[in-house]
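The values are calculated or read from the model by the stated rules, or taken from the named source; none is laboratory data. Small disclaimer: the values here were computed from a predicted structure and weren't measured. Here the Cβ positions follow ideal geometry from the backbone for every residue, glycine too, while neighbour counts run over all protein chains shown. Protein only, heavy atoms only, side chains kept; ligands, DNA and RNA dropped before computing areas. Shrake-Rupley method; radii C 1.70, N 1.55, O 1.52, S 1.80 Å.
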Amino acid sequence: MTIQEQIISDIKEAMKAREQDKLRVLRSLKAKLMEKEISERKDGEAKLTDEQAVEVLMKAAKQRKESIEQFEEGGREDLAENEKEELDIIETYLPEMMDEDEVRKVVKEKIEAIGASGMQDMGKVMGPLMGQLKGKADGSMVSQIVKEELGG
């Protein structure tokens with residue numbers, strides 16, 4: 001079952017269980033996935049891959065994280081709590097993310113393979129790394145680790 005099919009199935013379950021908050025989030029995700037599918041259409045037909053669906057979900061999760069940060073800075077814990085609940089629902093559909101130690105190991109290997117020696121090589125390292133870690137690690141964490149490893 002694809003991620004998109006799983007979300008549609010879970011919408012039905014949330015409707016039966018009358019879980020309004022979960023239902024609202026799932027419908028929002030379904031709409032975002034459909035938008036992506038429409039934008040990918042060529043010759044009137046397109047089916048999202050799980051990788052494309054993960055991209056959409058990662059973007060939604062990132063938006064929630066940014067909102068949580070802003071609400072907490074503004075002293076609106078009630079709104080931040082809503083966003084956290086939505087983020088928890090979204091994260092159930094995302095693949096298991098790599099932890100910092102795993103990312104650091106991959107970063108060190110990539111720096112060694114490329115022969116990067118300082119911050120001027122950050123772009124050379126980040127491009128291939130993000131392709132390799134897409135959907136597996138948070139981009140801001142990868143960037144931070146690359147900076148640390150390159151001595152920046």
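Key figures for this structure:
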| read-out | value |
| --- | --- |
| Per residue, in Å², the accessible surface of the range 1-129 once ligands and nucleic acids are set aside, probe 1.4 Å | 66 Å² |
| Neighbourhood charge, 14 Å Cβ-Cβ cut-off, centred on residue 12 and excluding it, Lys, Arg +1 and Asp, Glu -1 | +1 |
| Length gained when the stretch residue 113-residue 37 is fully extended (0.36 nm per residue, less Cα-Cα span) | 23.7 nm |
| Computed [θ] at 222 nm, deg cm²/dmol, the chain (DSSP H ≥ 4; -39,500 (n - 2.57); rounded to nearest 500) | -24500 deg cm²/dmol |
| Percent accessible area from carbon and sulfur atoms, the chain, protein chains only, probe 1.4 Å | 47 percent |
| The chain - Kirkwood radius from inverse mean 1/r over Cα pairs (Å) | 17.5 Å |
| In degrees, nearest ten, helix 139-149 long axis to first principal axis of the chain (Cα) | 20 degrees |
| Cα centroid of the range 38-78 to Cα centroid of the range 124-141, whole Å | 17 Å |
| Within straight-line cross-link reach of residue 16, lysines at Cα separation under 30 Å, skipping those fewer than 8 residues along the same chain | 30, 32, 36, 47, 59, 62, 65, 84 |
